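Undergrad: First the structure, then my questions, so here it is.
The values are calculated or read from the model by the stated rules, or taken from the named source; none is laboratory data. None of these values were measured; they are calculated from a predicted model. A quick note on method: Cβ atoms are made from the backbone with ideal geometry, for glycine too, and the neighbour counts reach across all protein chains shown. Surface accessibility is based on the protein's heavy atoms, side chains included, excluding ligands, DNA and RNA. Shrake-Rupley method; radii C 1.70, N 1.55, O 1.52, S 1.80 Å.
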Amino acid sequence: MNEYSLKIGDVVWTMRGHKKHREEETQWHAVPVCIEYADDHKFLDAYHCGASWSSIGKNYFLTREECLRHWEEHRKDYEKPAVTSAMFHEYVRIGSIIEDGKYFWRDEDVFRVFIHNGLNSATPVEMDNLPWKLNDEPGEYGEFDEYITLGDIREALGKDKVITVWYEGPIQGEIYETGNYPGETAWRLHGQTQGYA
């Protein structure tokens, strides 16, 4: 299934930060994340949040020791200004590089993709023109849901373009962008919204 042979019930560790009441400094802790769902592309926890397998060793870690070691190596990066992300259940800094494996379900909440034609113009991409993939497992109602990753979007629309992806859930949303910096093909967390509810 994946190079780590992880399965439902296994635990991976990640760093999560929060600010205590009336304190400015972020307190960081290694926290366990139990895998409740796994397929060839991703794993999810009990709250239906998770990551692609490629994020193991980057955003998530196999062991608590690896998680803490990575945090020590990158401690200064963690202390940069951050925003709380409902999608990630952790502090994620605006401008942070987001893995290509970050995925979105079709027809779930608000999902839009735009290609920029200059500083003041952006064209929406028709959803049917994107390379949606069919999930290996049936969803809650027995249907095989479609999903797409940030990497799929960039490959389909071109690495030389500025592309914006806007996801909006009921409580919070995220905006991702690639191509905004010359020669860069990485996706970055470009902004955060308040949700549509």
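Undergrad: Hey, any hits in region 121-139 for a residue that's under 19 Å from ILE175 (Cβ atoms), open to solvent by 80 Å² or more (accessible area, probe 1.4 Å) and either of a type outside the set (Ser, Thr, Tyr) or modelled with pLDDT of 90 or more (or both)?
TA: Kept after step one, since they are under 19 Å from ILE175 (Cβ atoms), are these residues of region 121-139: 121-125, 127, 130.
From the residues that got through so far, the ones that are open to solvent by 80 Å² or more (accessible area, probe 1.4 Å) too are 124.
Still in the list and also either of a type outside the set (Ser, Thr, Tyr) or modelled with pLDDT of 90 or more (or both): 124.
For region 121-139, residues under 19 Å from ILE175 (Cβ atoms), open to solvent by 80 Å² or more (accessible area, probe 1.4 Å) and either of a type outside the set (Ser, Thr, Tyr) or modelled with pLDDT of 90 or more (or both): present.
Undergrad: Pull out all pairs, ordered by first then second residue, where Cβ-Cβ is under 9 Å, the residues are six or more apart or on different chains, the first lies in region 171-197 and is in a loop (DSSP other than H, G, I, E, B), and the second is of a type in the set (S, T, N, Q) and exposed (fewer than 12 other Cβ atoms within 10 Å of the Cβ).
TA: ILE171/GLN194; GLN172/GLN194
Undergrad: For region 29-43, what are the residues that are out of contact with any strand residue (DSSP E or B) (no Cβ under 7 Å at 6 or more places or on another chain) and surrounded by fewer than 19 Cβ atoms within 10 Å (Cβ to Cβ)? Lay out the reasoning, then the answer.
TA: Applying the first criterion (out of contact with any strand residue (DSSP E or B) (no Cβ under 7 Å at 6 or more places or on another chain)) to region 29-43 yields 38-40.
Those that are out of contact with any strand residue (DSSP E or B) (no Cβ under 7 Å at 6 or more places or on another chain) and surrounded by fewer than 19 Cβ atoms within 10 Å (Cβ to Cβ): ASP39, ASP40.
Undergrad: Let me ask another. Can you say whether TYR60 is out of contact with any Cys (no Cβ under 6 Å at 6 or more places or on another chain), on the phi < 0 side of the Ramachandran plot, open to solvent by 40 Å² or more (accessible area, probe 1.4 Å) and modelled with pLDDT of 75 or more, as far as the supplied structure shows? Walk me through it before giving the result.
TA: On the way: out of contact with any Cys (no Cβ under 6 Å at 6 or more places or on another chain): yes; on the phi < 0 side of the Ramachandran plot: yes; open to solvent by 40 Å² or more (accessible area, probe 1.4 Å): no; modelled with pLDDT of 75 or more: yes.
When the stated conditions are applied, TYR60 does not pass them.
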